[in-house]
Amino acid sequence: MTDNTLKPILYFKQNCPFCFKVRLFLLEAGLNEDVEIREFVSGSPAEDDIRAELSPHLDKVSFPAARLEPGRYIAESDDIVAFLAAKAGREPASMPAFTNYVEGPLKLVMNLWKENIELKAAAA
Ligand SMILES: N[C@@H](CCC(=O)N[C@@H](CS)C(=O)NCC(=O)O)C(=O)O
């Protein structure tokens with residue numbers, strides 16, 4: 001039987017594209033049972049609880065975030081994937097769904113987001 005208290009805890013904001021990146025990695029790597037996922041909806045009481053839990057441990061709270069082990073928190077999707085991959089002996093670069101998402105839709109969303117900020121600044 002798996003000891004749940006030792007599993008990494010992942011904190012996800014619902015519909016966040018960077019959280020989906022970690023979700024996709026977990027799914028493709030078959031690691032869903034090796035982590036505990038705590039997902040919140042923006043504006044919900046669960047969000048307040050999660051932010052209160054994370055803020056003493058992180059310089060800046062962002063999502064996804066993870067408690068890798070008791071007292072050890074990080075918040076950067078690449079670092080979370082790298083930690084989980086190393087722990088499981090997996091190579092994210094060789095996972096086609098994960099790499100397609102990161103290089104395709106996620107990159108597109110990030111580029112559109114940057115372009116939108118630049119256009120707004122230019123229009124102001
Ligand atoms: N580079 C970060 C970006 C994460 C990010 O910007 N996440 C957004 C949600 S999609 C966030 O946390 N925004 C601030 C907030 O919700 O407090 C990563 O890859 O983890």
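The values are calculated or read from the model by the stated rules, or taken from the named source; none is laboratory data. Values in this document were obtained by computation on a predicted structure and should not be read as measured data. Heads up, the Cβs are rebuilt from the backbone with ideal geometry, glycines too, and the neighbour counts pull from every protein chain shown. Side chains are part of the model used for accessible areas, which takes the heavy atoms of the whole protein and leaves out ligands, DNA and RNA. Shrake-Rupley method; radii C 1.70, N 1.55, O 1.52, S 1.80 Å.
Okay, here's what the table says:
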{"item": "Apportionment of accessible area to carbon and sulfur, the chain, percent (1.4 Å)", "result": "55 percent"}
{"item": "Extension gain (nm, one decimal) between SER42 and GLN14, 0.36 nm per residue minus Cα-Cα", "result": "9.4 nm"}
{"item": "Greater than 20 Å apart at Cα, pairs in LYS21/LYS107; LYS7/LYS60; LYS60/LYS120; LYS7/LYS87", "result": "LYS7/LYS60; LYS60/LYS120"}
{"item": "The chain - accessible surface per residue (Å², probe 1.4 Å)", "result": "62 Å²"}
{"item": "Within the chain, helix-based [θ] at 222 nm, where runs of 4 or more DSSP H residues each add -39,500 (n - 2.57), nearest 500", "result": "-14500 deg cm²/dmol"}
{"item": "Gaussian network model of the chain, springs between alpha carbon atoms under 10 Å - residue of PHE40, PHE63, PHE18 with greatest fluctuation", "result": "PHE40"}
{"item": "Considering only the chain, percent of DSSP beta bridges that pair antiparallel, nearest 5", "result": "55 percent"}
{"item": "Geometric extent, Cα atoms of the chain - Rg, Dmax (angstrom)", "result": "15.8, 59"}
{"item": "Accessible area of GLU53 in the full protein assembly, 1.4 Å probe (Å², nearest 10)", "result": "60 Å²"}
{"item": "Chymotrypsin sites (Phe, Trp or Tyr not before Pro) restricted to region 61-115 and DSSP loop, no more than 11 other C-beta within 10 Å", "result": "none"}
